[in-house]
Amino acid sequence: MRTQLNNGREYELEEQYGLPEKLPLGEQVLWQGSPHVWRTAKDIFYIRPIMVYFSFLVFYRLYDGIVLEHTFKVILISITWMLVLSIVSTGLIASLAYFTASSTAYTITNRRVIMRIGIALTMSFNLPFKEIVSADFKAHKDGYGNIPLKIAAHTKIAYFHLWPHVRPMRFVHPEPMLRNIPNVAQVSAILAQAWAIENDVALQTKKSPMAQHDRRRPTIAVGLTKDLGLT
């Protein structure tokens with residue numbers, strides 16, 4: 001039997017930020033955050049290569065006009081049109097990145113991870129800790145980074161529904177990913193601790209394998225703490 005993680009709910013009013021409904025008694029928010037706008041534009045929508053490409057076209061128009069000995073007016077008109085096209089195109093990409101980041105809310109509670117995503121169609125994905133097999137994180141020098149979540153194989157979740165909040169190129173078994181979040185190392189520690197408590201597994205060192213504490217979940221336990229860098 002497959003578990004449907006996507007509740008497919010579209011909502012406009014939130015009783016609590018980032019959540020489709022109030023948390024049940026005993027569940028509390030440990031962390032909330034959203035993707036960084038510039039990193040979203042840079043890493044997801046590749047705004048920097050696009051800016052370089054349009055800059056090249058502008059200089060090419062200038063160079064071509066000089067070589068062909070066009071009049072100043074012709075060269076100015078040609079460059080102006082290219083600049084307008086460049087600004088509009090880059091602005092659209094920047095706006096898409098802004099709305100993608102601002103409409104996203106990642107929430108870690110003591111029982112699950114909740115991802116509220118979507119610009120026109122807002123959806124929430126509930127990822128209970130019982131369904132999370134392992135996690136990883138990649139931190140940049142400024143502290144921002146990603147946390148991909150590997151979910152149980154029997155779950156059902158679509159890559160297209162998650163994009164861009166999904167680990168790239170994992171089409172067969174998509175991995176939801178908290179993208180471009182600040183202080184990713186600290187957030188991963190919060191996630192690992194909450195996951196361990198919910199699954200009744202102690203965070204151990206490499207010299208003390210978790211399989212000794214819970215033989216039913218040796219892969220899950222070792223995978224999460226090792227990937228999160230807490231072993």
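The values are calculated or read from the model by the stated rules, or taken from the named source; none is laboratory data. What you see is a predicted model, and the numbers here were worked out from it, not measured in a lab. Glycine also receives a Cβ, built like all others from the backbone with ideal geometry; neighbour counts cover every protein chain displayed.
A few remarks follow.
- Taken over the stretch 70-87, the residue count meeting the criterion of being at pLDDT 90 or above and loosely packed, with under 11 Cβ neighbours inside 10 Å is 1.
- In the stretch 124-179, the residues that are in contact (Cβ under 8 Å) with a residue 24 or more places away in the chain, within 14 Å of the chain's Cα centre (by Cα) and over 22 Å from residue 18 (Cβ atoms): 136, 138, 139, 150
- Only residues that are of a type in the set (D, E, K, R) and in contact with a Phe, Trp or Tyr (Cβ under 6 Å, 6 or more places away or on another chain) were counted across the stretch 147-199, and they come to 1.
- Hey, residue 115 touching a Phe, Trp or Tyr at 6+ places or on another chain (Cβ under 7 Å) and either at negative phi or among the acidic types (Asp, Glu) (or both) or not: yes
Here's the yes/no breakdown for (1) part of a helix (DSSP H, G or I); (2) surrounded by 15 or more Cβ atoms within 10 Å (Cβ to Cβ); (3) in the same structural domain as residue 117 (by TED's automatic domain parsing); (4) at pLDDT 90 or above:
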{"position": "164", "(1), (2), (3), (4)": "no, yes, yes, yes"}
{"position": "197", "(1), (2), (3), (4)": "yes, no, yes, no"}
{"position": "206", "(1), (2), (3), (4)": "no, no, yes, no"}
{"position": "215", "(1), (2), (3), (4)": "no, no, yes, no"}
{"position": "220", "(1), (2), (3), (4)": "yes, yes, yes, no"}
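- On inspection, residue 39 passes the criterion of being basic (Lys, Arg) and within 21 Å of the chain's Cα centre (by Cα).
- Every residue from the stretch 53-88 that is aliphatic (A, V, I, L, M), over 30 Å from residue 37 (Cα atoms) and in a helix (DSSP H, G or I): 62, 66, 67, 74, 75, 76, 77
- Qualifying positions in the stretch 139-154 - more than 18 Å from residue 181 (Cβ to Cβ) and in contact with a Leu (Cβ under 9 Å, 6 or more places away or on another chain): 151
- In the stretch 131-162, the residue that is surrounded by the fewest Cβ atoms within 10 Å (Cβ to Cβ) out of those that are of a type in the set (Asp, Glu) and closer than 21 Å to residue 192 by Cα is 131.
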